[in-house]
Amino acid sequence: MIFPRVANVDAVIAPVNGMVIYDEAEKCFKGYADDSWKDITPCTPLPPDPAVFTIANPTYQGVSVIDATGIGYNGEAVPPASTITVQATTTSAGSYTLTATDPNTGLVYSKSGVFETAGTFPVVLVPNTVVIPEFFSGIMSISVLGASNSIEINPRIDIKSIPTSATEVADVTLGTQTWMDRNLGARRAATAINDAFAYGNFFQWGRPADGHEIVVINGSNKFAGRTFYNATAQNALATSDTPGYNNFIGVSFGGIGDWRDDNNNNRWASSPQGPCPSGYYVPTTAEWQTAVSSGSMNNDTDAYASVLKLPASGYTDSRDGKYYSTIIANYWTRSVTFLNFPSTNAFLIAFKSNEITTNSSAARAVGFNVRCIKAELAFKTP
């Protein structure tokens, strides 16, 4: 015997006691007895009717180290913990599905569920696992759909430098010298003087690539940021040239300004490879001076126009590891003396808008960029 198959019990116009049907909606057999329908086999509950509701007041629970509006970083998937909450007001119980899709990245925030009663409830939207494009950053404008109204959410993707060891090694030739074409930690060779994707990592002088150098820059304004890992308490100085942790080591004003407690001159001065890849070294002041001369550089514009494509990237503050954008390109040398005068600082080269200074020094706890020179030209007296 084959029983009638109906869409649901409402499709039976005039049921009579003793009738048996198969309910296609609930996927079960039902019988009509005592003037009502009863389940004969287990039935799948019908989903609740869609709720009628509005949404408002988005808040952000992003995990960027800058602030909660930052939901993640370029080149990475948005972490599941980077949620966005909206307030939903419904006049009755019912189901809901909210979706927000960014067409530029493929990022989707969504949530489905059921309102058990009328009222106002928080709905926590969660991200999908799409990887944000490597060279995307900034504030998104995404419409949240699925309610009676739509609202816009504006999460931010920040710019994160890459681990030093992941830096692509490509050469450029300047005069008699061979250099890497990008800063350590840069995602690419610079395409503009203010290309934040090319700024790379900011090293405390003489310190190994232990993670302290990785920075996150605000993807919207690109003027501010901080080290990815936390800074230590000021003057909690390292007692070893290899601290063994990734915290930026902060120092206070009034001291020697070194992250290392003994201010020794070993480190890059005696181990010139420093954080550079095999076959490359941190250059001396003299080698930078040669590059400036070979490239006919007089300012930061010339420095970017040269084959080195040096971006004006700024620095990280020696006190707390906060990043500050400037119009100056600062690069550490491995030199600790100038004209035979020793210093508790270390020397750098600074490409400014109106000049280049090749005899500047700075506290060794400041974070500056490193551009590596090829080995055969790097063994000179610091």
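The values are calculated or read from the model by the stated rules, or taken from the named source; none is laboratory data. None of these values were measured; they are calculated from a predicted model. Counting neighbours? That spans all protein chains shown, and the Cβs are built from the backbone with ideal geometry, glycine included. For the accessible areas, the whole protein counts, side chains as well, though only heavy atoms, and no ligand, DNA or RNA atoms are used. Shrake-Rupley method; radii C 1.70, N 1.55, O 1.52, S 1.80 Å.
For the pair Ser150 and Ser278, a Förster radius of 45 Å applied to the C-beta separation gives a FRET efficiency near 0.25, rounded to the nearest 0.05.
Over the chain, accessible surface divided per residue gives 44 Å², non-protein components excluded, 1.4 Å probe.
Rg over Rh for the range 142-301 works out to 1.07, using Cα positions for both radii and the Kirkwood form for Rh. Each residue, Ile40 and Glu76, gets one label point 7 Å from its Cα in the Cβ direction; the gap between the two is 5.9 nm. Between Pro277, Pro48, Pro311, find the one with the highest GNM mean-square fluctuation for the chain; connect C-alpha pairs within less than 10 Å. Result: Pro48 has the largest fluctuation of those listed.
Can you tell me the dipole magnitude for the chain around its Cα centre, using point charges on the Cβ only (Lys, Arg +1; Asp, Glu -1), in Debye to the nearest 20?
1060 debye
The Kirkwood radius of the range 217-334, taken over pairs of alpha-carbon atoms, gives through the Stokes-Einstein law at 37 °C and 0.692 mPa s a diffusion coefficient of 201 µm² s⁻¹. Round to a whole number: what % of the accessible area of the chain belongs to carbon and sulfur, probe 1.4 Å? The C+S portion of the solvent-accessible surface of the chain is 54 percent.
Principal axis extents of the Cα atoms in the range 20-97, from largest to smallest and rounded to whole angstrom, are 66, 30, 13. Placing one equal scatterer on every Cα of the chain and applying the Debye formula, the log10 ratio I(q)/I(0) at q = 0.09 Å⁻¹ is -0.63. Within the same chain, aspartates and glutamates fewer than 8 places from Lys27 are excluded, and of the rest, those with a Cα less than 15 Å from its Cα are Asp10, Asp39.
Spatial offset of the range 299-317 relative to the range 1-41 amounts to 78 Å, using the alpha carbon center of each. Each peptide in 358-369, 171-182 was scored by the mean count of other Cβ atoms within 10 Å over its residues; highest first, the order is 358-369, 171-182.
The protection proxy used here, the mean number of other Cβ atoms lying within 10 Å of each residue, ranks peptides 64-77, 16-29, 100-113 as follows, highest first: 64-77, 100-113, 16-29. Where a Cα-Cα gap under 12 Å defines reach, which aspartates and glutamates qualify for Lys322, not counting those fewer than 8 residues away within the same chain? Candidates past the 8-residue exclusion: Glu213. Provide, for q = 0.15 Å⁻¹, the log10 of I(q)/I(0) from a solvent-free Debye sum over equal Cα point scatterers in the range 275-342. Reported log10 I(q)/I(0), two decimals: -0.64. Each pair of Cα atoms in the range 193-237 enters the Kirkwood radius, and Stokes-Einstein at 20 °C and 1.002 mPa s then converts it into a translational diffusion coefficient of 179 µm²/s. For Ile327 and Thr99, a Förster radius of 45 Å and the Cβ-Cβ distance give a FRET efficiency of 0.60, rounded to the nearest 0.05. With a threshold of 26 Å on the Cα-Cα distance, the over-threshold entries among Lys222/Lys352; Lys222/Lys309; Lys160/Lys309; Lys30/Lys111; Lys222/Lys374 are Lys30/Lys111; Lys222/Lys374.
Our helix-only sum for the chain, with -39,500 (n - 2.57) per DSSP H run of n ≥ 4 divided by its residues, gives a mean residue ellipticity at 222 nm of -1500 deg cm²/dmol. A Cα-only calculation for the range 39-84 places Rg and Dmax at 19.3, 59 Å. Based on the Kirkwood approach, the hydrodynamic radius assigned to the range 78-169 is 15.0 Å, with every pair of different Cα atoms included.
In terms of its alpha-carbon gyration tensor, the range 166-241 comes out oblate; a/c meets the 1.5 threshold, while b/c is at least as large as a/b.
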